[in-house]
Amino acid sequence: MMPTITEDRTTVTETGSTYDALRSRRPRSLFLAGFLAGLLGATAVMIASGCSSPPGTGMPAASPLGTTPFAWFRAGPPPAGWQSLELPDAAAVLSVPPDAIPAPGDPGSVSATVTGPDGELRIYLNATPQQGEESQSNWPEFRLAHLTGENAASADRVSYRAGMPFRGGIGSCVEDTYVTRIGAHRYREIACLVAGSRGGSVVVAATPAASWDLYSLVLEQAVNAYVSE
C-alpha cells in the first residue's frame, strides 16, 4: 500500500533549521493513510508513489511554459548536517534536513516531517520500495490516478522528466498539485520512481502549495541527494 499523510494546517513560520538552510537564496516570490491523523486534527491527504517516463525516450518532456522541466536537478550529496534514512531492504537512502523528525509509516518505508511550532506541516519526505503497477513508462499517469483514487478530489501535473541520473540509478519524476476531498487543502509535490540495482523505489517530497516558494529548495535538495543502491 502506498503511504498517505494527512495534514490541514498550512501556515508557515520562517524559523528553524529548514528556513536557515534557505537564507543563502532569496525566496522565489518572496505528505500512510491516517499517518498524521493525530497531528492537531489533521484531515487532508498526501500520497507517496513514483514517477516514470514515456516509452522510448530519455529526453525531458516539455513543460507547460516550454522550459526544461526539473532544470534544478543535480544528483549529489546532501547539505552538511542532514540525516540519512535507509530503507529496510537497503534499496535506497533518503536524506532529510536536520530539523526533520522520523515519522511512522508502512512497513518497508521511511518518512520524516518538518513541522512548525504550532504543529503545522511544512515538509513531508518519504521513500518506499516500488510496489503495485507503477513503472518508468506509466508514471505520471499512474501517480495522478493514484492520488485521485485515494483522497484527492483533483490532481494536476505541473511537469515531468524521464531518464534522470540519480546516484545509483535512473529515475523519472513528476511534479504535481492536488486538492484533498476533505477540507479542499492544496498540496504540491515532487514524486520520483528510481530504478537501482536492488530494485525500484519511490521518493516523495511535498509541502502545502501555499508554502511552495518557501520550501521548494529544500524539497529539491532532498531529491538531489536521494540514493538508489
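The values are calculated or read from the model by the stated rules, or taken from the named source; none is laboratory data. What you see is a predicted model, and the numbers here were worked out from it, not measured in a lab. Cβ coordinates were reconstructed from backbone atoms using ideal geometry, including for glycine residues, and neighbour counts include every protein chain displayed.
Only one entry of 57, 115 meets the criterion of being at pLDDT 50 or above and either crowded, with 20+ Cβ neighbours inside 10 Å or under 26 Å from residue 167 (Cβ atoms) (or both), and that entry is 115. The number of residues in segment 165-181 that are more than 17 Å from residue 210 (Cβ to Cβ) and surrounded by fewer than 22 Cβ atoms within 10 Å (Cβ to Cβ) comes to 5.
Taking residue 47 as the residue in question, decide whether it is among the β-branched types (Val, Ile, Thr) and at pLDDT 85 or above. Criteria not met by residue 47. If you go through segment 86-105 and keep only what is buried (at least 19 other Cβ atoms within 10 Å of the Cβ) and either modelled with pLDDT of 95 or more or in a loop (DSSP other than H, G, I, E, B) (or both), you end up with 87, 91, 92, 93, 94, 95, 96, 97, 99, 100, 105.
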